[in-house]
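Nothing in this text is a laboratory measurement; each read-out follows from the coordinates by a stated rule. In this text the structure is predicted, and so the values were computed from the model without any measurement. FYI the Cβ positions are ideal-geometry reconstructions off the backbone, even for glycines, and counts take in every protein chain you see.
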Amino acid sequence: MPRFTRNSVVLLIGVLTIVCLGFADENKHAGTWKADLDQSKYSPGPPPKSVTLTIEPAGADGVKLVAKGVDAKGEPTHIEYVAKYDGKEYPIKGFPGADTVTLKRIDDKTIEADLKKGETTVMTVRTVLSDDGKTRTSTFTGKNEQGQEVNNTVVYRRVDSGTQRAED
């Protein structure tokens, strides 16, 4: 069994702290976000009654996203996925008309998601984080499950610090 000296324990704690701080800085989208429906635009409408996103880091360069809300008819919604920013397809649950998501990091404030049904991309979502980290704006373009053109701009406001972490 290895012996740890006080200096090696202090060094280990220091390294872990630096790694955790670096990781937190890389995933600026992590946290809980509520849709600001007054600032958002839905085409076609009508807009949902509420949407709350929870975004957590997951594994190496990955993310877990859970979107809960109430649709325009008053029905609960629940969408979720765990994916990496590696351009590969990952299963998405609860999103009508799509069964996989592919994530791409454009830069530290911009991400892009392609939602696919089979081999066809049905929706692209480009999300940009504000400079102050308090607002994220997602632009949805593509077609919904009825085949209608979608051009939504959804503004989300941060409601926490974003320090959660999903299981690897």
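General remarks:
- Cut-off under 5 Å, modelled amide H: who pairs with ASP36 long-range: VAL155, TYR156, ARG157
- Scaled against the 2.2 N^0.38 Å expected of a compact globular protein of N residues, the Cα radius of gyration of the stretch 39-168 reads 1.01.
- Spacing of the modelled spin labels on GLU145 and VAL70, each 7 Å from Cα toward Cβ, amounts to 2.0 nm.
- Distant-in-sequence amide H partners of GLY59 (H built 1.01 Å from N, under 5 Å): ASP168
- Charge dipole magnitude, Cβ of K and R +1, D and E -1 - the stretch 28-158, Cα centre, debye nearest 20: 240
- Our coupling estimate for the stretch 76-93, obtained by passing each phi through the Karplus curve with A = 6.51, B = -1.76, C = 1.60 and θ = phi - 60°, is x, 10, 8, 10, 7, 7, 10, 8, 9, 7, 10, x, 8, 7, 10, x, 10, 10 Hz, Gly and Pro reported as x.
- Residue among ILE79, VAL150, ALA98 farthest towards the positive dipole end of the stretch 55-168, charges placed on Cβ: VAL150
- Table column - 3J(HN,Hα) (Hz), the stretch 113-123, Karplus curve with 6.51, -1.76, 1.60, x for Gly and Pro: 10, 10, 9, 10, 10, x, 9, 9, 6, 9, 8
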